Amino acid sequence: MVTISLCMIVRDEEAVLARCLDSVKEAVDEIVIVDTGSRDRTLEIAGRYTKNIVEIAWTDDFAAARNASFSRGTMDYCMWLDADDVMKEEERDRLIAWKEQADGSADAVMMKYAAGLDEQGKETFCYYRERLLRRDSGFLWKGRVHEAIEVHGKVEYLDIRVEHHSQKKGYSDRNLRIYERMREEGEELSARDLFYYGRELYYHRRYEEAVGCFLFFLKKKEAFSENQVEACRFMAYCLYALGQEEQALNALYRGLSFRVPKGELCCDLGRHFADRQNWEQAVFWYEAALHAPRKDQAGGFVQEEYYGYVPCVQLCVCYSHMGKTKKALSFHNLAGKYKPYGREYLKNEEYFRNME
């Protein structure tokens, strides 16, 4: 059996901290809380669960804060959660079962992170993250924003899911501000930094700057192939917003050069042609999405619906416009198997019902 230190960094999390700790406290052997400047009841709430609470100054550096929390763990493994994360009871029980049989040989343990959930609690956006790190393996968090561990040694993947349930409204400029401070201070941005900086620029509608950032990122030899594909997708979104449709399509095509295309990129290509009523070309890409490999453990982001529900709904629309009603109906029915409560499916269900 192995032991786990839950090591968290928090700030002004009174609305969600108890929910998080209640969901996982039975699975961990120690709770470490590093607070970076809370002005609400976060420290009071944390005190109900642990005495191991430390206050540090916030320095616009998530990796530094995360390392500060991990340095205070004393068990076999250090585990991280954000305050707005939750482990459902069945997932917590799986973690307890893993602890009881684990021999401690794994250096890093990966778990699925469900960062997006639909109205029925089904994941819509997920990826694997390094969730447990063996304390004596010498791991250090890197990156002021979107901090990560460069894992090595024996890596184990568990069929355990952590869910992200954010209650925050709007999109903060915090991450963008940190990246821009790094640039002002002359700090060289890593390939990973450039990728996420480009995304921040996109989210803040600074499209031309985002395109430039993504192009610079794509020149980096050390760039992660999954991020290269995502950069091409986001670059296309920027170019669409700028009215540069041909360049946007070329950006999507460029994404095909980095790896076998996954459902997300295929759906983006399908949408390009569907929006221009080029139905046959749209069908080609949506059918490619339907049969694309997921490869969840490759380390990239996975948008669940792009491997079933979305391509089926869009194939229904495409075939309907092509006058192939029978085929359209078959994909409509298949979409219902993936997501019978889907808004698009229910709308199309009414359409087909009215045709009878």
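Structure data summary
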| item | result |
| --- | --- |
| Relative contact order [Cα under 8 Å, 6+ residues apart], region 186-335, whole percent | 15 percent |
| Contact order relative to length of the chain, as percent, for alpha carbon pairs under 8 angstrom and 6 or more apart | 12 percent |
| Which of M355, L265, Q303, positive extreme of dipole for the chain (C-beta unit charges) | M355 |
| Loop-located GluC sites (Glu not before Pro) in region 97-199, at most 15 other Cβ atoms within 10 Å (DSSP) | E119, E150, E185, E187, E188 |
| Close Lys-Lys pairs in region 255-349, where close means Cα under 24 Å and separation is 8 or more or interchain | 17 |
| Set of aspartates and glutamates with alpha-carbon distance to K25 below 12 Å, sequence-local pairs under 8 removed | E89, D93 |
| Solvent-accessible area, 1.4 Å probe, carbon plus sulfur percent, for region 1-132 | 45 percent |
| Cα lying deepest toward the dipole's positive end in the chain, options M1, L334, W141, charges on Cβ | L334 |
| Positive-end extreme of charge dipole, region 84-220 - chosen from F216, H164, I96 (charges on Cβ) | F216 |
| The chain - accessible surface per residue (Å², probe 1.4 Å) | 49 Å² |
| Debye, to nearest 20: dipole size of region 66-105, +1 on Lys, Arg Cβ, -1 on Asp, Glu Cβ | 220 debye |
| Computed E for V260/L117 - FRET, C-beta separation, R0 25 angstrom, nearest 0.05 | 0.35 |
| Mean Cβ neighbour count within 10 Å, used as a protection proxy, ranking 251-257, 221-227, 197-203 highest first | 197-203, 251-257, 221-227 |
| Segments 21-32, 306-317, 74-85, 2-13 sorted - mean Cβ within 10 Å per residue, highest first | 306-317, 2-13, 74-85, 21-32 |
| Protection proxy ranking, peptides 344-355, 291-302, average beta carbon neighbours within 10 Å, highest first | 291-302, 344-355 |
| Whole-percent carbon and sulfur share, accessible surface of region 157-294, 1.4 Å | 47 percent |
| Net dipole in debye of the chain [+1 Lys, Arg Cβ; -1 Asp, Glu Cβ; about Cα centre; nearest 20] | 800 debye |
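The values are calculated or read from the model by the stated rules, or taken from the named source; none is laboratory data. Not measured: the values here are computed from a predicted model. Ideal geometry is used to build each Cβ from the backbone, glycine not excepted, and the neighbour counts take in all protein chains shown. The accessibility values were calculated without ligands, DNA or RNA, using every heavy atom of the protein model including side chains. Shrake-Rupley method; radii C 1.70, N 1.55, O 1.52, S 1.80 Å.
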